[in-house]
1. Output the residues belonging to the range 317-365 that are closer than 16 Å to ARG386 by Cβ and not in a helix (DSSP H, G or I).
2. Among the residues of the range 55-65, is there at least one that is out of contact with any Gly (no Cβ under 9 Å at 6 or more places or on another chain), part of a loop (DSSP other than H, G, I, E, B) and at pLDDT 95 or above?
3. For GLY91, all conditions in the list (1) at pLDDT below 95; (2) part of a helix (DSSP H, G or I) hold save one; what is the number of the exception?
4. Assuming ARG100 fulfils every condition listed in (1) in contact with a strand residue (DSSP E or B) (Cβ under 9 Å, 6 or more places away or on another chain); (2) within 23 Å of GLN246 (Cα to Cα); (3) not in a strand (DSSP E or B) apart from one, which condition is it?
5. Looking only at the range 176-199, which residues are over 23 Å from ASP80 (Cα atoms), small (Gly, Ala, Ser) and not in a loop (DSSP other than H, G, I, E, B)?
6. Give just the number: which of (1) more than 24 Å from the chain's Cα centre (by Cα); (2) under 16 Å from TYR9 (Cβ atoms) does ASN340 not satisfy?
7. Go through (1) free of Cβ contacts under 8 Å to residues at least 40 places away in the same chain; (2) over 26 Å from the mean Cα position of the chain (by Cα) and name the single condition GLY108 misses.
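The values are calculated or read from the model by the stated rules, or taken from the named source; none is laboratory data. Being a predicted model, the structure only gives us computed values, none of them experimental. Neighbour counts run over all protein chains shown; Cβ positions are idealised from the backbone, glycine included.
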Amino acid sequence: MSLSSFNLYHQFSCPQTPFDERVFDAISVSFGVAVVECFLQRRRDLIAARSRGIIELVESWLGDAADPETVWDQAFGRTDWAMESSEADTGDVATQLALRLSSRGQPGQWHSILSRPMRLRFEGWLLPQCTEIDLQSDGNTVFIVLKVENSGTENIGFERTEFSWTSSGAQRLSYAKVNTPIFLMAQSAIEGQLTIDDQFGSITGYPEVTGNMVQNVQKALDILAKYAPQYLQWVERVIRGIVVCQCKETRTRSSTWSEAPGIILMSVTDDPITIAEMMVHEASHQYFHLLRKLGAVDDGSDTCLYYSPAVSKERPLSRILIAYHAFANILLMYRTTRLNGLVDSGECLRMENRMQGDIGLLGAPLHANPALTPLGNALYQPLAQRAEGLDGGG
């Protein structure tokens, strides 16, 4: 691959660069297909021991043309993670993968036993907690029988509409939307599937989703749509679900799971511009993690640690880059909304100035650093030019 071809990957830096959906789709689809093929090859016996029909369903899907929306999902991220981590249960991961394929219209019949009671998602619907699942689908009508702990079985039905599904028996997840729905979920929707690392000790609880939470996320999306439409696209392209948490006093918190494309954790707040900031922050991480599927962002030759204001710690170069990538996009989001007329009593300018100081610290070790690979520079240079007025040093 020539050095010039890495200009294709500048689009992962910030939304101000031209974006070719074909590049994004090609990376996500090729990686998703490769992960599933490897999963079947390595874990076939384990999958067969806990299920029937799933292997046939997945093989049938592999024989069709994969679409980007199907693979941009937690199920595919966890399939990859299951081959690297002993924490992931192969049978559970296979079940999530099968349910994702069924929710995208893949016909088939399968049965699976879970390692523990858990709630699973079917597109924008949450199934009751179960220990076993039996599913039949012709691609348009889905019939599910769940074995529910201590209470026998429960029947769930889905009918495909032009753009979504209708259901009898499943819980519809609330969502905010301008163009693409972003679903809000309680922690119970990911329990047993994703682990929340409260590294700052700031999380005080995991509330149920309320109408007020949905309204505030909607207001945040509406702000982006009106005052920073490039960042609305940046967010909507990669965020599909928000797991809500509660933080101490006025603190806010957001994070991304590298093994869960499309899903982020975000704390509750009534301030829409802060919600917009957190969504831009975590969307940036999603782009970063996807591009890293193609290779490293630094070559390991710079072994120094550098101070990161993001975590108030010394961090290696790759972690400095991921923080810079998020913070510089936040700066550009605030600058764009301010210049486009958002009236907010100076909050955008205050946050822009604060971010300018942070990215100055983060950017210093990145500028002209020969340890950055072409992929690393593809993430750094377009942002350095726009956020700091630098040539990026590459």
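1. Hit for the range 317-365 is ASN340, nothing else.
2. So far as the range 55-65 goes, no, none of its residues is out of contact with any Gly (no Cβ under 9 Å at 6 or more places or on another chain), part of a loop (DSSP other than H, G, I, E, B) and at pLDDT 95 or above.
3. Failing condition for GLY91: (1).
4. (2)
5. The answer is ALA176, and nothing else.
6. All conditions pass for ASN340, except number (2).
7. (1)
A quick yes/no check of all residues on (1) at pLDDT 95 or above; (2) not in a strand (DSSP E or B):
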{"site": "ARG251", "(1), (2)": "no, yes"}
{"site": "SER255", "(1), (2)": "no, no"}
{"site": "ALA260", "(1), (2)": "no, yes"}
{"site": "ASP270", "(1), (2)": "no, yes"}
{"site": "HIS281", "(1), (2)": "yes, yes"}
{"site": "LEU290", "(1), (2)": "yes, yes"}
{"site": "THR303", "(1), (2)": "yes, yes"}
